[in-house]
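Right, one structure below, let's go through it.
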Amino acid sequence: MSRHEAMAQFRADKPMLEAMGVSWHASVEPRMYATPEFKRNYTLAMDALGMDAQPPLSTDPNSAVPAMLTTLIDPDVYKVLFSPNRAAEILGEVRKGSWLDDTAMFPIVEHEGEVTSYGDFNESGHAGANTNWPQRQAYLFQIVKEYGERELERAGLARVNWVSELDAAAATMLNKFSNLTYFYGVSGLQCYGLLNDPGLTAFVTPGTKAFGNKLWVTSGVVTATANEIFADIQTLWITLVGQNQGLVDQNAKVTLAMSPTSAMALTATNSFNVNVADLLKKNFPNIRIETAVQYGALTSSNPQGSAGGNIVQMIVGEVEGQKAGYCAYNEKMRAHPIIRAMSSFRQKVSGGSWGAIVRQPALYAQMIGV
């Protein structure tokens, strides 16, 4: 029996088979009886029946869903952190004038006079006052926020409040720059900072340490002893006392400012199990320690550091009601009008700084190279 005969015979017998109760699933309904050669050769039978392979795909092979459907976006948005702004904490901060002012005068009065022997008819002797008017110039600076409508909505898809982030970025950058002017002023203007005011006294030199250098910390290790570090701080106190002729003593309220790395040296402990911080609290009860990266050495990771090495600065807060100085600004943050374009927005934000105003240079003592 040939294949065609087997197919014809099956079609002829199909009604009889169905009447006898034989049925098939619609997708596997037979088409023919098995011929003798199919019975002898199973492989041939499978080829003939088309059961050996699945037909090729017309689409690219794939067994997964789109990756975005299995991707989670954490709703907690973390922000990149910056080193803290510490100048205002070290020296204090005040507003002087407004953004309309370009120059500020800071008057100084010095009393002078001469006494003579008394006589009923003696008219000699003199009392007078001398005034100076040191000046500082303000520096105004700005930043511009820009954003588009589509940009805002696309950021919203990621649950990011884009306008709020730009507002925070503008405030952060203005504050960072203000802090920088408080330490270094602005080049080309009579605007100076806490570390480069021309009125400050010269740096004193730290003592040579048993380790062989003058550093408190060498290659990340505290190499100076507790007594050596305390002796350097004593030198700063002695400098302050000498500069002020009895107006300052060891009970004065002072701020000891240094880099965070140098501050770790204050944990150095002597042979009596007493560290530098303990010695300072015991001998100088009104001392306050502050840190700022600007007091550290200039490095690739600390571009705002000092080229001469680590600095330690000791500042008397005030004497006889007069402050040693303050950080000053004439405009903290001025938000200008929002300018709308066809499908975008722009806004300028500005500020102004006088730098650090050192009113009484004698109340500062500083050491470099620790």
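Here, each number is a calculation from the coordinates, and none is a lab measurement. Everything numeric here is computed off the predicted structure, so don't read it as measured data. Neighbour counts run over all protein chains shown; Cβ positions are idealised from the backbone, glycine included.
Net charge near Pro260, counting Lys/Arg +1 and Asp/Glu -1 over other residues with Cβ under 12 Å of its Cβ? Neighbourhood net charge equals 0.
Other residues within the sphere of radius under 15 Å centred on the Cβ of Ile315, judged by their own Cβ, net out at 0 (K and R +1, D and E -1).
When Kirkwood radius over Cα pairs in Å is computed from the coordinates, the matching label among (1) 20.8; (2) 23.1; (3) 28.3 is (3). Taking only the alpha carbons of region 238-294, we obtain Rg and Dmax values of 12.9, 35 Å in that order. Whole-Hz Karplus values for region 264-276 come out as 5, 5, 5, 8, 4, 10, 8, 5, 9, 6, 10, 8, 4 Hz, taken residue by residue from phi with 6.51 cos²θ - 1.76 cosθ + 1.60 and θ = phi - 60°; glycine and proline positions read x.
Using a simple spin-label model with pseudo-atoms 7 Å out from Cα toward Cβ, Asp120 and Leu247 lie 4.2 nm apart.
Compared with the alpha-carbon gap, the fully stretched path from Ala202 to Ser300 is longer by 32.6 nm at 0.36 nm per residue. Determine which aspartates and glutamates satisfy two conditions relative to Lys79: a Cα distance under 12 Å, and not lying fewer than 8 residues away in the same chain. Within reach: Glu165.
Among the listed pairs Lys214/Lys281; Lys281/Lys332; Lys176/Lys323; Lys209/Lys282, which are separated by more than 26 Å between their Cα atoms? Violating the 26 Å limit, Cα to Cα: Lys281/Lys332. Around the amide H of Asn310, modelled in the peptide plane, lie the amide H atoms of Ala297, Gly369, Val370, all under 5 Å away and 5 or more residues distant in sequence or on another chain.
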